[in-house]
Amino acid sequence: MKKLIVMAIVGLFSCGFAAAQHHGNCGNCPNHGKHQGQQSEAKSQQPQVNADGVDMVIVKAFPTVKSVKKQANRTAVMDAQNNVLGYVVYSKPASDGIKGYNGETPVMIAFDKKMVITGVFLLQNQETPKFAKRVEDAGFYKNWNGLTVKQALKKEVDAVSGATFTSNAVIQSVRAALMSL
């Protein structure tokens, strides 16, 4: 009986962490994909929000945001006095099925009050981090800044060398989002 309990304890801590504090696929646990994969996948799909319940990606685009209001094909972003700061548009569901090197590349496009693009942001994705970082480091997302929807749809954007699949998927996701307006 003692041997069985010791084996259970050793098994729990075989990767250095208890299941409740598990750190990922260390390769030492027999239950990978059973206890961790399901939890991390569900957790990774939930957007992070600030104290006001606003998605942190929106906060990144509009630091003074206090609330958002979903409209027909866009989301209005408001300050504390309920003044519109701008708008955001998400590529999903229009971009469903558009895949980069390792998966879908959904984006959020931020606009000012006149519907001029102020930023493109890659949302949670399954893309290979080094390719996503290469695209960001190249300043790729700034290609659409300052453009209206019509101008952005006409703009030819070159893929980033060394991250062609990822950047081409982002281009397609941006176009899909803009076409939904």
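The values are calculated or read from the model by the stated rules, or taken from the named source; none is laboratory data. Since this is a predicted model, take the numbers as computed values, not measurements. Quick reminder, even Gly has a Cβ in these numbers, built from the backbone with ideal geometry, and neighbours come from all protein chains shown. Protein only, heavy atoms only, side chains kept; ligands, DNA and RNA dropped before computing areas. Shrake-Rupley method; radii C 1.70, N 1.55, O 1.52, S 1.80 Å.
If you take the residues in segment 100-118 that are out of contact with any helix residue (DSSP H, G or I) (no Cβ under 6 Å at 6 or more places or on another chain) and either at pLDDT below 95 or assigned to a strand (DSSP E or B) (or both), which one is most open to solvent (accessible area, probe 1.4 Å)? Only one residue tops the list, namely ASN102. MET78 falls short on exactly one of the conditions (1) open to solvent by less than 30 Å² (accessible area, probe 1.4 Å); (2) under 20 Å from LEU178 (Cβ atoms), and that condition is (2). Residue count for segment 54-69, restricted to those that are open to solvent by 50 Å² or more (accessible area, probe 1.4 Å) and free of Cβ contacts under 8 Å to residues at least 60 places away in the same chain: 6.
For ALA51, the criteria (1) assigned to a loop (DSSP other than H, G, I, E, B); (2) of a type in the set (A, V, I, L, M, F, W, C); (3) open to solvent by less than 80 Å² (accessible area, probe 1.4 Å); (4) at pLDDT 50 or above hold in every case but one, which is (3).
For the condition assigned to a loop (DSSP other than H, G, I, E, B) and at pLDDT 95 or above, ALA94 qualifies.
Only one of ALA169, ALA159, ALA72 is in a helix (DSSP H, G or I) and either among the hydrophobic types (A, V, I, L, M, F, W, C) or crowded, with 16+ Cβ neighbours inside 10 Å (or both); which?
Of the residues listed, the single one that is in a helix (DSSP H, G or I) and either among the hydrophobic types (A, V, I, L, M, F, W, C) or crowded, with 16+ Cβ neighbours inside 10 Å (or both) is ALA169.
Looking across segment 127-152, the residues that are closer than 14 Å to ILE117 by Cα, open to solvent by 60 Å² or more (accessible area, probe 1.4 Å) and either touching a residue at least 60 places away in the same chain (Cβ under 8 Å) or in a helix (DSSP H, G or I) (or both) come down to LYS142, LYS150, GLN151.
Only one entry in LYS155, LYS114 is within 19 Å of ALA76 (Cα to Cα) and free of Cβ contacts under 8 Å to residues at least 60 places away in the same chain, namely LYS114.
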